[in-house]
Amino acid sequence: MTVGDGENFESAVERTLTKLRRIDSRPDPTVEAPAPAAPDSPLTLADLYRDHRMRLVRLAVLLVDEPATAEDVVQEAFTGLHRHWGGLRDEAAAVAYLRTAVVNGSRSVLRRRRTAREYVAPHQVTARSAESLAMLSAEHQAVVDALGTLPPRQREVLVLRYYGGLSEAEIAEAAGITRGTVKSTASRALDTVARVMAERSGGR
């Protein structure tokens with residue numbers, strides 16, 4: 001990858017997080033596939049938990065770096081969903097609620113860390129499970145490292161865009177910001193990733 005070309009760095013981020021999404025979307029061979037539901041059967045909370053929990057945990061891991069903490073954040077999101085279940089229209093609304101809850105829960109975790117001690121985002125590749133990281137090339141791992149240096153809001157936007165596969169409007173809803181802020185934040189985040197990767201490649 002040629003250092004100094006912003007488009008190359010954006011492509012690198014997109015390739016890395018898209019690859020992680022594909023890895024994490026593969027069915028777990030140790031889990032038995034559920035029986036198909038009847039066409040007219042209503043969606044249940046258990047259905048959502050089965051279908052979306054793991055992707056949400058992976059999303060939270062990218063935001064908070066710690067798998068155990070990510071599990072807690074997602075569990076809290078589903079607890080909140082249970083409380084608001086009657087007011088949600090359909091599966092899309094429920095999934096949007098969960099994404100927003102995971103983003104907000106991750107922010108709360110990071111705020112508590114800063115309150116407890118001066119928090120420096122880890123530069124080590126703790127943001128992914130060992131299994132997923134083992135499938136990444138050195139370039140992809142370097143991108144994950146660089147993402148770990150970003151401020152929380154910038155990391156949220158890139159993770160939601162390229163790992164979550166969300167549109168600007170969906171990111172704005174999940175993060176509670178405007179579409180214009182999504183665009184400007186993504187631009188700053190990519191500039192930071194480019195700078196960090198350029199500095200590290202120059203130091204080798």
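The values are calculated or read from the model by the stated rules, or taken from the named source; none is laboratory data. If you're wondering where the values come from, they're calculated on a predicted model, not measured in any experiment. With ideal geometry, Cβ positions are generated from the backbone for all residues, glycine too; neighbour counts draw on all protein chains shown.
If only one of GLU139, GLU71 is at pLDDT 90 or above, assigned to a helix (DSSP H, G or I), surrounded by fewer than 19 Cβ atoms within 10 Å (Cβ to Cβ) and of a type in the set (Asp, Glu), which one is it?
Details: GLU139 fails: at pLDDT 90 or above.
Going through GLU139, GLU71 in turn, just one is at pLDDT 90 or above, assigned to a helix (DSSP H, G or I), surrounded by fewer than 19 Cβ atoms within 10 Å (Cβ to Cβ) and of a type in the set (Asp, Glu): GLU71.
Residue by residue through segment 153-186, note down the ones that are among the polar types (S, T, N, Q) and more than 26 Å from ILE23 (Cα to Cα).
The initial filter retains those residues of segment 153-186 that are among the polar types (S, T, N, Q), namely 154, 167, 178, 181, 184-185.
Hits for segment 153-186 are THR178, THR181, SER184, THR185.
Could you list, in sequence order, all residues of segment 149-169 that are buried (at least 20 other Cβ atoms within 10 Å of the Cβ) and assigned to a loop (DSSP other than H, G, I, E, B)?
If the condition is that a residue be buried (at least 20 other Cβ atoms within 10 Å of the Cβ) and assigned to a loop (DSSP other than H, G, I, E, B), then LEU150, GLY164, LEU166 are the ones that fit.
Give segment 172-197 a look and list any residue that's among the aliphatic types (A, V, I, L, M) and either touching a Ser or Thr at 6+ places or on another chain (Cβ under 9 Å) or loosely packed, with under 15 Cβ neighbours inside 10 Å (or both), or say none.
ALA172, ALA174, ALA175, ILE177, VAL193, VAL196
Does any residue in segment 52-65 that is closer than 19 Å to SER108 by Cβ come within less than 7 Å, Cβ to Cβ, of a residue that is outside any helix (DSSP H, G or I) and aliphatic (A, V, I, L, M) six or more places away or on a different chain, and which pairs are these?
Short answer, once both residue conditions are applied: VAL61/ALA127; LEU62/ALA127; ASP65/ALA127.
Can you name every residue in segment 169-194 that is farther than 18 Å from ARG15 by Cα and of a type outside the set (Gly, Ala, Ser)? Spell out the reasoning first.
Let us first name the residues in segment 169-194 that are farther than 18 Å from ARG15 by Cα, namely 169-185, 188.
Hits for segment 169-194 are GLU170, ILE171, GLU173, ILE177, THR178, ARG179, THR181, VAL182, LYS183, THR185, ARG188.
Any idea which residue in segment 97-120 is modelled with the lowest pLDDT, counting only those that are surrounded by fewer than 16 Cβ atoms within 10 Å (Cβ to Cβ) and among the small types (Gly, Ala, Ser)? Don't jump to the end; show me each part of the working.
Here is the first cut: in segment 97-120, the residues surrounded by fewer than 16 Cβ atoms within 10 Å (Cβ to Cβ) are 108, 111-112, 114-120.
Adding the requirement that they be among the small types (Gly, Ala, Ser) leaves 108, 116.
Numbers: SER108: 93, ALA116: 55.
Filtering segment 97-120 for residues that are surrounded by fewer than 16 Cβ atoms within 10 Å (Cβ to Cβ) and among the small types (Gly, Ala, Ser), the one modelled with the lowest pLDDT comes out as ALA116.
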